[in-house]
Structure formats: C-alpha cells, structure tokens
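Working notes for the structure below.
The values are calculated or read from the model by the stated rules, or taken from the named source; none is laboratory data. None of these values were measured; they are calculated from a predicted model. Positions of Cβ are backbone-derived with ideal geometry, glycine not excepted, and every protein chain shown enters the neighbour counts.
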Amino acid sequence: GEDVEQSLFLSVREGDSSVINCTYTDSSSTYLYWYKQEPGAGLQLLTYIFSNMDMKQDQRLTVLLNKKDKHLSLRIADTQTGDSAIYFCAESSGGYQKVTFGTGTKLQVIP
Amino acid sequence: SAVISQKPSRDICQRGTSLTIQCQVDSQVTMMFWYRQQPGQSLTLIATANQGSEATYESGFVIDKFPISRPNLTFSTLTVSNMSPEDSSIYLCSVGPSSGVMNTQYFGPGTRLTVL
C-alpha cells in the first residue's frame, strides 16, 4: 500500500530556515499536503501542492516537489518559536480516495 | 474552512467500559472521517462516515469495536467499545473534501482518551 516517510526530529535556531523532508511511494499521488499539529491540538492544514507543480510559495512557506524521486519538502523561512510543532506530510490520489499521512516530524525551535 | 468541535476533549475511562465521542461541524459536509493517533504515532484512518449509509471501515477496525453514527450532514459519533489500555489514543474527526481542493481535510481538536 501507500507509504509516506519522514524524519522524526529536526532542531533549528530561531531565525534560521527549517527544511522538513518527506518521501512517498504512490506514483498516482495527485495531491500532497503539509499539516501542522501543535501540542494538544488537532491538525491544521498549512499548504498543499498538486502533482503537476514543482514549487509553491505561501508567505514563509515554500513547498518543493520532485515527482520523479517522489520527494516533497517544506521550507519555513525565518523560523519562529511558534513554529515548534509536529509537521505531517500527506498524499492522496484525488477524487474520494483516502489521504495517507506520514510519520510526522517534530520541529524544535531553539530561541 | 469548516469549524469542527469534538466532545469530550479528554477522558479517563476504566477498562471494559465504552465512550462515545461526538463531532460537530458548522456546515454541511459530505464525508466525515475518524482517525486514531496513538502516542508518538501518525494518524491511522479508522473509518469513513457518509450520511445515510453504513460507515466504511479500514483494515484492522471493526464495527463492533468502533460503531459510528452519521445521522445528518453536520454530526457524527464514534464509540470506542469494551475499552482496554491499548485504546488509549487521541481520536480525531475530520471533514472533506472541501469545495476547494479535493481531499483537503479539516480536523477537529481531537479527544484524548486514557484507559486505565
């Protein structure tokens, strides 16, 4: 079945850029998402990208997609302490197909 | 995006009892989903709940253990039956697809369940 992998942990200093990586196996993935989960909260949709795009930028967030390598990344510029959370990558084939979530990357921002 | 609330936000339950979790959405939605997030883990889809039909369960989840109701387009319940400590998890409901991107899901705040 589909598989979405992420590194478990990332630590950065406040003001630096963070890059969170994700790999997926489903070649029919059409939509790819990044969700943020703060402690004790549900998941918040941050951004998404269609598989026919290479890059999407949204304020401090930049999503890069390498479809050939099935690699997705999320770059957070000027990382702040409020960015400390778990970030989940997710993919879907579209239509009413289910969404598969990655293992989550815990981002720690050091003041 | 839809605003989703869940009740209770957390609970501590005894082994062998059942707990019903409610999910309320501020707008009518076609599809609602129930997920389990075990400590330190990712999300695992339990079932998809569509109004007017039986819920569709994922492999490893059965209706007797996790009965679901979907009486209308804004509400759903998930019951965790005959609980054991292994059921200690965060249970999340989500809704989708939105009128925007297909499969975009919006999540409730979750219900943190501890079974003693």
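Would you call A:Ile49 surrounded by 17 or more Cβ atoms within 10 Å (Cβ to Cβ), in contact with a Lys or Arg (Cβ under 7 Å, 6 or more places away or on another chain) and over 12 Å from A:Thr100 (Cβ atoms)? Don't jump to the end; show me each part of the working.
Working: surrounded by 17 or more Cβ atoms within 10 Å (Cβ to Cβ): yes; in contact with a Lys or Arg (Cβ under 7 Å, 6 or more places away or on another chain): yes; over 12 Å from A:Thr100 (Cβ atoms): yes.
The answer is yes for A:Ile49.
Of the conditions (1) within 8 Å of another protein chain (Cβ to nearest Cβ); (2) on the phi > 0 side of the Ramachandran plot, A:Thr103 satisfies every one except a single condition; which number is it?
(2)
Please enumerate the residues belonging to the stretch A:38-85 that are of a type in the set (D, E, K, R) and in contact with a helix residue (DSSP H, G or I) (Cβ under 9 Å, 6 or more places away or on another chain). Even if it seems obvious, please write down each step before you answer.
Residues of the stretch A:38-85 that are of a type in the set (D, E, K, R), as a first pass: A:38, A:54, A:56, A:58, A:60, A:67-70, A:75, A:78, A:83.
Passing the criteria: A:Glu38, A:Arg60.
Give, as residue ranges, the strands (runs of 3 or more DSSP E) completely inside the stretch B:1-87 that count at least 2 residues that are of a type in the set (Val, Ile, Thr) and at pLDDT 95 or above. Let's see the steps before the verdict.
On the way: elements: B:4-7, B:10-13, B:19-25, B:31-37, B:43-50, B:68-72, B:75-80.
Strands (runs of 3 or more DSSP E) meeting the threshold: B:19-25, B:75-80.
Scan the stretch A:76-95 and tell me whether some residue there is surrounded by fewer than 19 Cβ atoms within 10 Å (Cβ to Cβ) and at the interface with chain B (Cβ under 7 Å from one of its Cβ atoms).
Yes, the conditions are met somewhere in the stretch A:76-95.
In the stretch A:6-34, what count of residues is obtained for those that are in contact with a Gly (Cβ under 9 Å, 6 or more places away or on another chain) and surrounded by 14 or more Cβ atoms within 10 Å (Cβ to Cβ)?
8
Those residues that are closer than 14 Å to B:Tyr91 by Cα, of a type in the set (Gly, Ala, Ser) and surrounded by 15 or more Cβ atoms within 10 Å (Cβ to Cβ), I need them from the stretch B:26-79; list them, please.
Within the stretch B:26-79, B:Ser42, B:Ala47, B:Ser76 qualify.
Can you report the number of residues in the stretch B:12-23 which are surrounded by fewer than 17 Cβ atoms within 10 Å (Cβ to Cβ) and under 11 Å from the mean Cα position of the chain (by Cα)?
Selection size over the stretch B:12-23: 2.
Would a scan of the stretch B:33-42 turn up a residue that is of a type in the set (S, T, N, Q), without any contact (Cβ under 8 Å) to a residue 60 or more places away in the chain, within 11 Å of another protein chain (Cβ to nearest Cβ) and closer than 27 Å to A:Thr30 by Cα?
To start, the set of residues in the stretch B:33-42 that are of a type in the set (S, T, N, Q) comprises B:37-38, B:41-42.
Okay, now just the ones that are also without any contact (Cβ under 8 Å) to a residue 60 or more places away in the chain, so B:38, B:41-42.
Cutting the leftovers down to within 11 Å of another protein chain (Cβ to nearest Cβ) gives us B:41-42.
Narrowing further to those that are closer than 27 Å to A:Thr30 by Cα: B:41-42.
Yes, the stretch B:33-42 contains a residue that is of a type in the set (S, T, N, Q), without any contact (Cβ under 8 Å) to a residue 60 or more places away in the chain, within 11 Å of another protein chain (Cβ to nearest Cβ) and closer than 27 Å to A:Thr30 by Cα.
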